[in-house]
């Protein structure tokens, strides 16, 4: 049983580099992970490397339309305790730290 077993996580900028490494770490520790990226080549590489272990979504945080659509991708992760079901939010592209999502 890993440190994040049963937890739902979203990693923004998780398709390459440190972001992808964080995704792999979260998966290794038992989290269910949805990761985003905007570069199609990196997205496809992440899909190949991770297989069915993670849900990879094309999303650009600078595009409000993409942000709105991301909510639809989170729907399957919904669970009692948080509005979106997400319990860990990770910014893999900028600050590279894990931030718990407080219950509402």
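Overview of values
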item	result
The listed residue being under 10 Å from the mean Cα position of the chain (by Cα), modelled with pLDDT of 90 or more and more than 18 Å from residue 2 (Cβ to Cβ), out of 17, 92, 37	37
Inter-residue pairs, beta-carbon under 9 Å, first on the phi < 0 side of the Ramachandran plot and assigned to a loop (DSSP other than H, G, I, E, B) and in segment 5-17, second crowded, with 24+ Cβ neighbours inside 10 Å and at pLDDT below 85, 6+ apart	14/90; 14/92; 15/92; 16/92
Index of the failed condition, residue 1 passing every other in (1) surrounded by 15 or more Cβ atoms within 10 Å (Cβ to Cβ); (2) modelled with pLDDT under 90	(1)
Hits in segment 48-68 (condition: within 14 Å of the chain's Cα centre (by Cα), at pLDDT 90 or above and not in a strand (DSSP E or B))	50, 59
Residue ID - modelled with the lowest pLDDT, chosen from residues in segment 69-82 that are part of a helix (DSSP H, G or I) and farther than 13 Å from residue 11 by Cβ	76
Residues (in contact with a strand residue (DSSP E or B) (Cβ under 7 Å, 6 or more places away or on another chain) and assigned to a helix (DSSP H, G or I)) located in segment 18-39	19, 22, 23, 26, 27
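The values are calculated or read from the model by the stated rules, or taken from the named source; none is laboratory data. What you are looking at is a predicted structure, and each value in this text was computed from that prediction instead of being measured. With ideal geometry, Cβ positions are generated from the backbone for all residues, glycine too; neighbour counts draw on all protein chains shown.
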